[in-house]
Amino acid sequence: MSDSWSATVLTLFPEMFPGPLGLSLAGRALEAGTWSLEAVDIRSFATDRHRSVDDTPAGGGPGMVMRADVVAAAVDAVHPSGDPRPLIYLSPRGAPLTQQRVRELAAGPGVALLCGRFEGLDQRVIEARQMEEISLGDFVLSGGEPAALALLDAVVRLLPGVMGKEASGEDESFESGLLEYPHYTRPQLFEGREIPAVLTSGDHAKVKAWRRERAEETTRQRRPDLWEKFLRKRP
Ligand code: SAH
């Protein structure tokens, strides 16, 4: 086994990977071997004649449910017990993904991700394989794949050598408990709007103070939940 960060994705649509992660920073890092990505088709673990992976929900109701036996076979094939990588099921019922969890994952050996489809997984396989459930946010996707791509994007940019200094900056949104300050670049004048004078003053202390103020004000206005937490943590 190589020592690069390793991602395995269980999905009914392996052709969705690497998708956007094959381009730009993540794509270059993938080519360079900084991380590896294996997409495994859950359907190849179906055992019946029709290769079915889903069935009607017990108790009735709309939609279909992914079968526990098929999903368990797929999980066991790519994530044997003793695999040090967390096994994560992307699910709207999971804990919301945070930058802190992203950092922890980037510091570890990799991840095994399970993408649901239909109404989701039979609850018993989630429990039997002790999956960690992670949500991308309070909205419903049609499948876990876009969530897996987003999670991997967030992690991969933090891997050593992928982005350079920027990704480790304390200023970045969420790192300090605040949203980041706004950015400006040339031209100096855009449709009658100037770059704030302090940013072109060359006074680094003033720039720093201005950015801090903007970060605090933006967080207070846009994310009262983060602002409350920030105030509570401040000595
Ligand atoms: N019936 C489910 C939604 C199923 S959506 C419910 O109401 O909770 C189908 C699949 O999309 C899920 O199994 C999950 O893997 C994925 N998914 C949907 N929304 C998601 C979200 N916010 N975060 C992560 N994965 C999500």
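The values are calculated or read from the model by the stated rules, or taken from the named source; none is laboratory data. This one's a predicted model, so the numbers in the text were calculated from it and none came from an experiment. Virtual Cβ from ideal backbone geometry, glycine too; neighbours counted across all protein chains shown. These area figures cover heavy atoms from the full protein model, side chains too; ligands, DNA and RNA do not enter into them. Shrake-Rupley method; radii C 1.70, N 1.55, O 1.52, S 1.80 Å.
Against the numbered list (1) part of a strand (DSSP E or B); (2) surrounded by 17 or more Cβ atoms within 10 Å (Cβ to Cβ); (3) not β-branched (Val, Ile, Thr), Ala74 comes up short only at (1). If you go through segment 47-68 and keep only what is touching a Lys or Arg at 6+ places or on another chain (Cβ under 8 Å) and over 30 Å from Ala106 (Cβ atoms), you end up with Arg51, Ser52, Val53, Asp54, Asp55, Ala68.
Looking at segment 77-89, which of its residues are part of a helix (DSSP H, G or I) and surrounded by fewer than 17 Cβ atoms within 10 Å (Cβ to Cβ)?
Within segment 77-89, Ala77 is the sole residue that qualifies.
Being of a type in the set (D, E, K, R) and either part of a strand (DSSP E or B) or within 25 Å of Leu30 (Cα to Cα) (or both) is a property that does not hold for Arg124. Phe139 fulfils the conditions (1) over 27 Å from Val70 (Cα atoms); (2) assigned by TED's automatic domain parsing to the domain that holds Val9; (3) in a loop (DSSP other than H, G, I, E, B) except for a single criterion, (1).
Remark: pairs (first residue in segment 92-107, more than 19 Å from Ser176 (Cα to Cα); second residue among the basic types (Lys, Arg) and surrounded by fewer than 17 Cβ atoms within 10 Å (Cβ to Cβ); Cβ separation under 6 Å; 6+ apart in sequence or on different chains) are absent. Tell me, yes or no, whether segment 55-71 has at least one residue that is small (Gly, Ala, Ser), assigned to a helix (DSSP H, G or I), at pLDDT 95 or above and touching a strand residue (DSSP E or B) at 6+ places or on another chain (Cβ under 9 Å). Looking through segment 55-71, at least one residue is small (Gly, Ala, Ser), assigned to a helix (DSSP H, G or I), at pLDDT 95 or above and touching a strand residue (DSSP E or B) at 6+ places or on another chain (Cβ under 9 Å). From the list Leu178, Leu159, Leu151, Leu136, the lone residue that is in contact with a helix residue (DSSP H, G or I) (Cβ under 7 Å, 6 or more places away or on another chain), open to solvent by less than 80 Å² (accessible area, probe 1.4 Å) and within 19 Å of Ala95 (Cβ to Cβ) is Leu136. Summed over segment 151-184, residues that are free of Cβ contacts under 8 Å to residues at least 24 places away in the same chain and either near the ligand (Cβ under 9 Å from one of its atoms) or farther than 27 Å from Glu228 by Cβ (or both) total 4. Quick one: how many residues across segment 106-116 are within 15 Å of the ligand (Cβ to nearest atom) and among the aliphatic types (A, V, I, L, M)? Count: 4. Just so you know, in segment 117-133 the residues that are under 19 Å from Leu12 (Cβ atoms), open to solvent by 10 Å² or more (accessible area, probe 1.4 Å) and within 19 Å of the chain's Cα centre (by Cα) include one that is farthest from the ligand (Cβ to nearest atom), and it is Met131.
Condition check: in contact (Cβ under 8 Å) with a residue 24 or more places away in the chain, within 16 Å of the ligand (Cβ to nearest atom), assigned to a strand (DSSP E or B) and in contact with a strand residue (DSSP E or B) (Cβ under 6 Å, 6 or more places away or on another chain). Does Leu37 satisfy that?
Here the answer is no, as Leu37 does not meet what is asked.
crowded, with 19+ Cβ neighbours inside 10 Å and within 25 Å of Thr218 (Cα to Cα): is that true of Leu97 in this structure? It is true that Leu97 is crowded, with 19+ Cβ neighbours inside 10 Å and within 25 Å of Thr218 (Cα to Cα).
Working carefully through the options Pro92, Pro146, find the one that is out of contact with any Leu (no Cβ under 7 Å at 6 or more places or on another chain), open to solvent by 10 Å² or more (accessible area, probe 1.4 Å), within 11 Å of the ligand (Cβ to nearest atom) and part of a helix (DSSP H, G or I). Being out of contact with any Leu (no Cβ under 7 Å at 6 or more places or on another chain), open to solvent by 10 Å² or more (accessible area, probe 1.4 Å), within 11 Å of the ligand (Cβ to nearest atom) and part of a helix (DSSP H, G or I) holds for just one of Pro92, Pro146, which is Pro146.
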